[in-house]
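Student: Sharing a structure with you now.
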Amino acid sequence: MPLVHLEGVSKIYRLGDQEFRALDGVNLTIDDGEFVSIIGPSGSGKSTLMHLLGCLDAPSEGRMEICGSDLSRASQNRLAEVRNREIGFVFQAFNLLPKLNVLQNIELPLVYAGVKAAERKRRSEEVAREVGLGDRFANRPVQLSGGQCQRVAIGRALVNNPRILFGDEPTGNLDSTTGEHILKMFRELNASGKTIVLVTHDPDIAAISRRVIEIRDGKIQREYAP
Amino acid sequence: MNLLVALQIGLREISSHKFRSFLSMLGIVLGVSSLIATLALTTGIERGTREFMQQMGGLEYVNVVNKEISNAQFEFWNLSPGRTLRDAQILRQSAPLISHISPELQFGASVASESQSDRKRVTGVFPDYFVVSRQQLAAGRFLTDLDVDRGLRTAVIGNSIATLLWPSVPPEAVLGRTILVNDRPFEVVGVLPKYEREQDKRRREVGGQKKPIGSSRRWDPFRSKNDAVLLPYSTMFYDFRAGAFPLDSLESVRLDNLTIRVGDLDHFPAALEQVRAALEITHRGVDDFDLDTREEWFGQMETSIRATRLSGGLIATISLIVGGIGIMNIMLASISERVREIGIRLAVGARGSDIFVQIIVESMSIALIGGILGVGAAFGLIEVLKAIAPSENVPVMTASAIVFSVGFAVIAGFLSGIYPAVRASRLNPISALRYE
């Protein structure tokens, strides 16, 4: 069963009477366990596509199914629920909450899933150890290096055991060695069965995935396996 | 998201901006403390006034007074016997809504002990007098039917009289002593307590300096109660009044005072009607009496208490609203600072309603903490008020006033949180995430 299924999906922004199609009739299917990269230059629509796939936004036209449910016309609350349970995000800028420590950042999705405090603590500690932050539970993001911050972000993305993990230029703010480590983590996660969608402008990074989708002017230009 | 988590987030946010949070609380602190202080002041005034009303005989107390006869009835003036004991008897029989009737005779006499003497007003009473005037006892007993029936030489005296005649003798020791009224001996069987106004009592307790009773230049409504020399009505008549006018009898002598007590305030107008109807007969239709009630007087007191409370409460409420606006201001600034945080929360699955709850709980927490600080400030404020105006009624801080004020502050926090919370909850996750 495909995890992601897009059929003729468009995202249209209107500025006055001008119409701008950020995405234009995209058809895309991603199966469970895949490792997909979406590449394209800035303004190509790859971020828009990721926002749709990540349920941060709803399509203007077309049909979108994520994890088996039709979200083409879903309400904000329904989208929030899918984001919470089925999707993990790793952003370029880490997007951690500066006032919270490592564990509190990691447990954030569990808070909105209504998990009890003791269980939140147990799971976030487990995940923190998995991403290699076993000795950093009480640190704040400012006390961590960029690579460690991104590990916290990965931990936060994984804590709800989502079916899809999105990376939006996850190595963009990191030096190349640290970036390598993070990408390695993504590969390992995929090897253990997690579906991963990586958005990047860098073909070298995209090359670690098994399927590359190239976007240009809101359309899928080509698809290839590196 | 449960409220506990929202509360944790809110408290963390408040404590991470302590000074800013304090500034936004300040309005609430001042509003709550002034509201509590106002309520305490009016409660104090209210208690003082009510106690005063009680000691003055309460609303049930009605005085039957003489009235100037109108010109139209002038020729008939001597048809009416005036207020006599017959009035009391007929009221007892035909005015069931009146529970107690107290006819009184009075005259000025020399009152003396072995060593002291003075001229005082002496009153002849029935046992009902003690109920109608709401007298209490410091020692001994009231006059009874037996005293009146047998014309015994017994007396109940007010506290001032006791201290005047026997300085520094406690009330219990005054019992059994002999008081000379115009040189006739009476046995003291009861002593009344010292009646005083709240503020006098407080001045005595706080200031320590004792002003001799009666020297106060201010009007003391309890002076006559404290100065009372009470004798059995019959003894009074036979010893001092019989023979002044040969035709006078116990029944027909004109009373100096006739006061009554209405049994049930719910039937107050009907009771007054019964009294009027009965007295119309004994006075043979001559309109020479009137019923003097405390309704209007007490009503005015109530009205002024209510007005004080309302205006004070209104001013305090305005400052609470200002405090609420302060919170709203800070919350708006705070959410525009936290757009990105909200975006992150939305991205990991927070719903708009979660964000709304978070902001509103934070706003209410600020108000609640401000309210609690305000309660503390109110204690200080009341101490200041006591120091500034010690002669006024004691401010009384009630639990309900505190709960009301803090609750009001929390409501103000809720209301002022709504707009910022709605704005925060409507943020679009994508643009919020991109916000720098």
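The values are calculated or read from the model by the stated rules, or taken from the named source; none is laboratory data. Because the structure is a prediction, the values reported are computed rather than measured. A quick note on method: Cβ atoms are made from the backbone with ideal geometry, for glycine too, and the neighbour counts reach across all protein chains shown.
Student: Among what's in the stretch B:314-355 and is within 20 Å of B:SER425 (Cα to Cα) and polar (S, T, N, Q), pick the residue that is farthest from the other protein chains (Cβ to nearest Cβ).
Tutor: Among those residues, the one meeting the criterion is B:ASN329.
Student: Scan the stretch B:369-376 and give yes if some residue there is part of a helix (DSSP H, G or I) and within 14 Å of another protein chain (Cβ to nearest Cβ), otherwise no. Walk me through how you get there before you give the answer.
Tutor: Here is the first cut: in the stretch B:369-376, the ones part of a helix (DSSP H, G or I) are B:369-376.
Now narrow it down to the ones that are within 14 Å of another protein chain (Cβ to nearest Cβ): none.
Checking the stretch B:369-376: not a single residue is part of a helix (DSSP H, G or I) and within 14 Å of another protein chain (Cβ to nearest Cβ).
Student: Quick one: in the stretch B:251-269, of everything that is among the polar types (S, T, N, Q) and at pLDDT 85 or above, which residue is surrounded by the most Cβ atoms within 10 Å (Cβ to Cβ)?
Tutor: In the first step, residues of the stretch B:251-269 are kept if they are among the polar types (S, T, N, Q); the result is B:252, B:257, B:259.
Checking which are at pLDDT 85 or above leaves us with B:257, B:259.
On the way: B:ASN257: 17, B:THR259: 21.
If we take residues in the stretch B:251-269 being among the polar types (S, T, N, Q) and at pLDDT 85 or above, then B:THR259 is surrounded by the most Cβ atoms within 10 Å (Cβ to Cβ).
Student: Turning to a different aspect of this structure: So which strands (runs of 3 or more DSSP E) stay within the stretch A:32-126 end to end and still have 1 or more residues that are at the interface with another protein chain (Cβ under 8 Å from one of its Cβ atoms) and buried (at least 18 other Cβ atoms within 10 Å of the Cβ)? Write out each step before concluding.
Tutor: Working: elements: A:35-39, A:61-66, A:87-90.
Passing ranges, in order: A:87-90.
Student: Separate question: Looking at A:ARG151, is it among the basic types (Lys, Arg), crowded, with 20+ Cβ neighbours inside 10 Å, within 18 Å of the chain's Cα centre (by Cα) and in a helix (DSSP H, G or I)?
Tutor: On the way: among the basic types (Lys, Arg): yes; crowded, with 20+ Cβ neighbours inside 10 Å: yes; within 18 Å of the chain's Cα centre (by Cα): yes; in a helix (DSSP H, G or I): yes.
Yes: the conditions hold for A:ARG151.
Student: Right, another one. Confirm whether B:LEU7 is modelled with pLDDT of 85 or more, away from every other protein chain (no Cβ under 14 Å) and part of a helix (DSSP H, G or I). Don't jump to the end; show me each part of the working.
Tutor: Working: modelled with pLDDT of 85 or more: yes; away from every other protein chain (no Cβ under 14 Å): no; part of a helix (DSSP H, G or I): yes.
It is false that B:LEU7 is modelled with pLDDT of 85 or more, away from every other protein chain (no Cβ under 14 Å) and part of a helix (DSSP H, G or I).
Student: Please verify whether the stretch A:3-21 includes one or more residues that are surrounded by fewer than 23 Cβ atoms within 10 Å (Cβ to Cβ), within 14 Å of another protein chain (Cβ to nearest Cβ) and assigned to a strand (DSSP E or B).
Tutor: Yes, there is a match, as at least one residue in the stretch A:3-21 is surrounded by fewer than 23 Cβ atoms within 10 Å (Cβ to Cβ), within 14 Å of another protein chain (Cβ to nearest Cβ) and assigned to a strand (DSSP E or B).
Student: Still on this structure, please answer the following. Which of (1) surrounded by fewer than 16 Cβ atoms within 10 Å (Cβ to Cβ); (2) away from chain A (no Cβ under 14 Å) is the odd one out, the single condition B:SER15 does not satisfy?
Tutor: Against the list (1) surrounded by fewer than 16 Cβ atoms within 10 Å (Cβ to Cβ); (2) away from chain A (no Cβ under 14 Å), B:SER15 comes up short only on (2).
Student: Related question: Can you tell me which residue in the stretch B:391-436 is surrounded by the most Cβ atoms within 10 Å (Cβ to Cβ), limited to those that are charged (D, E, K, R) and more than 23 Å from B:THR43 (Cα to Cα)?
Tutor: Applying the first criterion (charged (D, E, K, R)) to the stretch B:391-436 yields B:392, B:423, B:426, B:434, B:436.
Checking which are more than 23 Å from B:THR43 (Cα to Cα) leaves us with B:423, B:426, B:434, B:436.
On the way: B:ARG423: 17, B:ARG426: 11, B:ARG434: 13, B:GLU436: 5.
Residue satisfying both the conditions and the ranking: B:ARG423.
Student: State yes or no: is A:GLY167 assigned to a strand (DSSP E or B) and on the phi < 0 side of the Ramachandran plot? Lay out the reasoning, then the answer.
Tutor: Working: assigned to a strand (DSSP E or B): yes; on the phi < 0 side of the Ramachandran plot: yes.
Spelling it out, A:GLY167 is indeed assigned to a strand (DSSP E or B) and on the phi < 0 side of the Ramachandran plot.
Quick grid of which residues meet (1) closer than 23 Å to A:SER10 by Cα; (2) in contact with a strand residue (DSSP E or B) (Cβ under 7 Å, 6 or more places away or on another chain); (3) of a type in the set (A, V, I, L, M, F, W, C); (4) modelled with pLDDT of 90 or more:
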{"residue": "A:ALA58", "(1), (2), (3), (4)": "yes, no, yes, no"}
{"residue": "A:ARG63", "(1), (2), (3), (4)": "yes, yes, no, yes"}
{"residue": "A:SER69", "(1), (2), (3), (4)": "yes, no, no, no"}
{"residue": "A:LEU79", "(1), (2), (3), (4)": "yes, no, yes, yes"}
{"residue": "A:LEU97", "(1), (2), (3), (4)": "no, no, yes, yes"}
